[in-house]
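The values are calculated or read from the model by the stated rules, or taken from the named source; none is laboratory data. What you see is a predicted model, and the numbers here were worked out from it, not measured in a lab. Neighbour counts are summed over all protein chains in view; Cβ atoms, including those assigned to glycine, are modelled from backbone coordinates with ideal geometry. These accessible areas exclude ligands, DNA and RNA; they are computed on the full protein's heavy atoms, side chains included. Shrake-Rupley method; radii C 1.70, N 1.55, O 1.52, S 1.80 Å.
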Amino acid sequence: MLKVGMVGMGGISTSHVRGWAQIPEAKVVAVCDIREEKAEAAAQATGGTPYLDFDEMLKCETLDIVDICLPTYLHADFAVKALDHGLHVLSEKPVSLRREDVARIYEAASRNQRRFMVAQVLRFWREYEVLREAVRSQRYGRLLSGQMTRLGNTPGWSWDNWMRDPERSGLVPFDLHIHDLDFLIYTFGKPQNVVCHRARTTEQDYFHVIYEYPGFFISTEAAWYDGDYPFQAAFRFQFEKGLLEYKGGKLTTYLPGGEVQTLENEKDANVNGINLPATNGYYNEIRYFTDCVLSGKDCEKVRPEELETVLDLIAVINTKG
Ligand SMILES: NC(=O)c1ccc[n+]([C@@H]2O[C@H](COP(=O)([O-])OP(=O)(O)OC[C@H]3O[C@@H](n4cnc5c(N)ncnc54)[C@H](O)[C@@H]3O)[C@@H](O)[C@H]2O)c1
């Protein structure tokens, strides 16, 4: 049984707790958060021992894996510390705010012969996997254009308001847009050109970026709006012979001649459509990482050079926007 220690038991950690609970070969045996109530609540949910200090957890427990759900600016240092302690590490996105940390972390993984993976969840999200497959197989012909959206409200819920601090979160590019950008780099590689517009005040941050590739372009937008704006993630990809749209949690294909296919989860199977298994990206990424640990293989689905390219492009956006 793989013993898992989690650190940072705030917002996203609950999705990881649910994911680990579905992995028969692993168990969360320890949870750590500097806020006692968060550590205690996570201990109740997992049955793991609560800790208020990461070093103490490493000292007292014999772990195999550390799962990092900490604020962004802490990911790299905690990852290197855990790897140097001889543990495998799964870390929430983004890998870091600093490009040089990518090499630092992977060097630590290499010298300790341990697995490291950033949980870029869209790479494990069924609807985005279907889109990627359509691009690669050219099922609907050549790609002409794409549109990706990720919008929400300005966060007010994070511990110590760290998300509103550019030095600790990197704001919208690192918090929201990185999901779509990472998927683009994973699927299409580095774009030829980037066109960016940004509208920003202290209370909100919207930007629009067009990534230009040979023969097609992808228009993206991401925002933290001031107000109770509902979160939404969507895409719309235009192929020569089909339009693939993900909207309101539903994937639909519009084909020439008027045929419309709705890609449903298995529980609402649509006999005429292409049905999707009911999956969860957070579970899928944890399952994949566990399989890499068990097999001793590198987590090749998330490569360091892709993470570096993403950070390079965010640097470009931050300069232009
Ligand atoms: N993949 C996704 O869909 C997704 C969604 C939300 C957040 N995230 C990422 O997850 C990370 C955490 O975000 P969140 O929304 O859960 O933030 P959060 O503020 O809700 O949680 C962070 C937790 O870390 C704890 N913490 C801070 N310093 C600590 C330390 N030194 N030792 C132990 N615990 C410490 C805080 O008390 C807090 O409970 C961020 O990097 C964010 O980008 C990913």
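Computed values, structure above
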| item | result |
| --- | --- |
| ³J(HN,Hα) computed for each position of the range 211-217 - Karplus, 6.51 cos²θ - 1.76 cosθ + 1.60, integer Hz, glycine/proline x | 9, 9, 10, x, x, 7, 9 |
| Candidate lysines - alpha carbon under 18 Å from Lys250, same-chain residues fewer than 8 apart omitted | Lys267 |
| Given charges at beta-carbon only (K, R positive; D, E negative), |dipole| of the range 16-82 in Debye | 180 |
| For Gly146, distant residues with modelled amide H under 5 Å away | Phe217, Ile218, Ser219, Gln238 |
| For the range 224-241, 3J(HN,Hα) per residue [Karplus equation, 6.51 cos²θ - 1.76 cosθ + 1.60, θ = phi - 60°, Hz, x = Gly/Pro] | 10, 9, 7, x, 8, 6, x, 5, 8, 10, 8, 8, 8, 10, 9, 10, 4, 10 |
| Amide H contacts of Lys93 (H built 1.01 Å from N, under 5 Å, at least 5 apart or other chain) | Ala119 |
| Å² per residue, accessible surface of the range 123-277 at 1.4 Å | 48 |
| Nonlocal amide H pairs with Tyr51, under 5 Å, H built at 1.01 Å | Val31, Cys32, Asp33 |
| Expected-Rg normalisation [2.2 N^0.38 Å, Cα atoms] applied to the chain | 1.02 |
| The chain, helix-only ellipticity at 222 nm - DSSP H runs n ≥ 4, -39,500 (n - 2.57), divided by all residues, nearest 500 | -10000 deg cm²/dmol |
| Loop-exposed chymotrypsin sites (Phe, Trp or Tyr not before Pro) per DSSP, neighbour cap 13 Cβ within 10 angstrom, longest uninterrupted part of the chain | 1-156 |
| Angle between the chain longest axis and helix 75-84 axis [Cα atoms, degrees, rounded to 10] | 50 |
| Degrees separating the helix 304-320 axis from the principal Cα axis of the chain, which is the longest one | 70 |
| Options Ser13, Met57, Ala108, ranked by Cα towards positive dipole end of the chain, top entry (Cβ charges) | Ala108 |
| Accessible surface ranking that places the most exposed of Thr62, Thr252 first, with a 1.4 angstrom probe | Thr62, Thr252 |
| Contact order relative to length of the chain, as percent, for alpha carbon pairs under 8 angstrom and 6 or more apart | 17 |
| Size of electric dipole in the chain: Cβ of Lys, Arg +1 and of Asp, Glu -1, about Cα centre, debye, nearest 20 | 840 |
| Degrees between helix 281-295 axis and first principal axis of the chain (Cα, 0 to 90, nearest 10) | 60 |
| Net lengthening on full extension, Asp84/Gln147 (0.36 nm per residue, minus Cα-Cα) | 18.6 nm |
| Carbon and sulfur %, accessible surface of the chain computed with the full protein complex present, 1.4 Å | 48 |
| Reachable lysines from Lys27, criterion Cα separation under 24 angstrom, eight or more residues apart if same chain | Lys3, Lys38, Lys59, Lys81, Lys93, Lys297, Lys301 |
